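The values are calculated or read from the model by the stated rules, or taken from the named source; none is laboratory data. From a predicted model like this one, the values you see are computed outputs, not experimental measurements. Neighbour counts are summed over all protein chains in view; Cβ atoms, including those assigned to glycine, are modelled from backbone coordinates with ideal geometry.
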Amino acid sequence: MARNRYPGYCYCCGAYVPTGYGHFERHKGGWRVKCVKCASGRTVKDTDKEVKRAIMLRDKQKEVRKNGR
């Protein structure tokens with residue numbers, strides 16, 4: 001599963017899920033987020049490489065949209 005690039009609320013437990021702290025999936029024509037704790041039981045930290053990568057990809061995408069490329 002891919003990590004979430006945008007924050008949201010976990011559809012299982014309702015907790016706020018910052019960028020990189022959950023997984024996203026398609027659902028009924030939209031997107032929903034599931035926190036890593038509900039998905040696998042793991043506890044995620046700011047230092048995890050998956051969190052850092054999701055934040056980097058989000059920022060990169062914002063920059064592309066800003067510059068038109």
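Please find, within the stretch 7-27, the residue that is farthest from Asp48 (Cα to Cα) out of those that are in a loop (DSSP other than H, G, I, E, B) and among the hydroxyl-bearing types (Ser, Thr, Tyr).
This residue is Tyr11.
Can you tell me which residue in the stretch 1-34 is nearest to Asp46 (Cα to Cα), limited to those that are in contact with a Pro (Cβ under 9 Å, 6 or more places away or on another chain) and among the aliphatic types (A, V, I, L, M)?
Among those that are in contact with a Pro (Cβ under 9 Å, 6 or more places away or on another chain) and among the aliphatic types (A, V, I, L, M), it is Val17.
Test Thr43 against the stated conditions and say whether it is at pLDDT 90 or above, loosely packed, with under 11 Cβ neighbours inside 10 Å and not charged (D, E, K, R).
For Thr43, the condition - at pLDDT 90 or above, loosely packed, with under 11 Cβ neighbours inside 10 Å and not charged (D, E, K, R) - is met.
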